[in-house]
Amino acid sequence: MSELSVNHLLGIKNITEADIHLIFETADHFKEIINRPIKKVPSLRDITIANLFFENSTRTKLSFELAEKRLSADVINFASSSSSVAKGETLIDTVNNILAMKVDMVIMRHPNPGAGVFLSKHVNASIINAGDGAHEHPTQALLDSYSIREKLGDVAGKKVVIVGDILHSRVALSNIFALQKLGASVKVCGPMTLIPKHIEKLNVGVETNLRKALEWCDVANMLRVQNERMDISYFPTTREYTQQFGLNKAILNSLDKEIVVMHPGPINRGVEITSDVADSKQAIILNQVENGVAIRMAVIYLLASKIGHNIN
């Protein structure tokens with residue numbers, strides 16, 4: 001198989017295991033390129049990509065921009081706070097105006113779940129979902145699984161626990177879909193107030209004791225508490241949360257095995273993870289960042305090659 005089964009990357013739910021393996025193989029190739037002295041390839045010289053971020057983002061936006069530039073695409077950046085959206089323009093009007101400029105691909109982050117799906121039905125461009133509300137964040141899940149594959153050789157058969165604010169996390173949902181498609185076992189761990197009600201239906205185990213979760217897993221993916229999505233208090237205090245669900249070096253060292261520690265960022269150091277864990281050799285957080293560029297290059301390249309332009 002040399003092409004994706006989809007024309008958009010809207011969520012991990014919509015793609016196949018074969019799609020994921022193809023993205024990984026393509027990312028392997030791009031990872032070699034971004035470690036060369038000359039990091040650019042002329043693959044997407046004829047492609048124009050618009051980055052539409054209706055929500056704040058630093059790391060994801062930079063990662064996508066870097067991926068686009070490494071592929072030699074033309075890039076338009078659009079931030080909603082300084083745009084007509086703030087004046088009441090609808091999503092479809094905004095996008096149609098951008099498409100009138102002959103844009104081939106749209107990378108979009110939006111606070112509303114399903115915004116990318118809505119867009120894909122109304123505009124003639126390839127859409128990549130860079131996060132829609134608390135729903136999905138497919139490229140993050142792909143780079144997380146890719147980083148596990150790189151570190152442990154394979155994702156299949158591995159035990160992965162996702163710790164923290166599962167309820168508000170698009171990273172958690174996309175990760176669950178990706179890990180299961182690749183044959184891993186998944187558990188979630190956190191206060192019951194931050195675990196979605198029907199998560200067991202996704203064939204995911206629930207563990208409220210961090211130590212037990214860590215003794216079970218090969219990989220711990222530590223999520224931050226998303227205070228910006230909380231309109232009520234889900235736990236008494238940050239200090240209490242950290243005492244129960246924060247990962248520190250003492251816990252890590254007391255396990256009878258070496259687990260891999262991940263974090264999608266941004267890190268709240270001293271809350272869900274201490275600095276000495278984040279900076280330890282068991283943490284692959286900076287690998288995740290590097291792999292994010294390669295994965296996003298792969299996704300953009302593979303989707304662009306379905307648009308029908310001359311892709312080198």
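Looking at segment 235-258, which of its residues are of a type in the set (Val, Ile, Thr) and at pLDDT below 95? Listed by number, the residues that qualify are Thr237, Thr238, Thr242.
Matching residues to (1) surrounded by fewer than 13 Cβ atoms within 10 Å (Cβ to Cβ); (2) over 17 Å from the mean Cα position of the chain (by Cα); (3) of a type outside the set (Ser, Thr, Tyr):
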residue	(1), (2), (3)
Val6	no, yes, yes
Leu10	no, no, yes
Asp19	no, no, yes
Arg36	yes, yes, yes
Val41	no, yes, yes
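The helices (runs of 4 or more DSSP H) found entirely in segment 175-276 include none that carry 3 or more residues being closer than 30 Å to Asn14 by Cβ.
Taken as a whole, segment 210-221 holds no residue that is touching a residue at least 60 places away in the same chain (Cβ under 8 Å), over 30 Å from Glu25 (Cα atoms) and over 16 Å from the mean Cα position of the chain (by Cα).
The residue that is surrounded by the fewest Cβ atoms within 10 Å (Cβ to Cβ), counting only those in segment 116-140 that are outside any helix (DSSP H, G or I), hydrophobic (A, V, I, L, M, F, W, C) and in contact with a strand residue (DSSP E or B) (Cβ under 8 Å, 6 or more places away or on another chain), is Val123.
Any residue in segment 259-274 that is at pLDDT 95 or above, among the polar types (S, T, N, Q) and within 21 Å of Lys151 (Cα to Cα)? Checked segment 259-274: no residue is at pLDDT 95 or above, among the polar types (S, T, N, Q) and within 21 Å of Lys151 (Cα to Cα).
The values are calculated or read from the model by the stated rules, or taken from the named source; none is laboratory data. These numbers come from a predicted model, not from an experiment. So basically every Cβ, Gly included, is an ideal-geometry build from the backbone, and we count neighbours across all protein chains shown.
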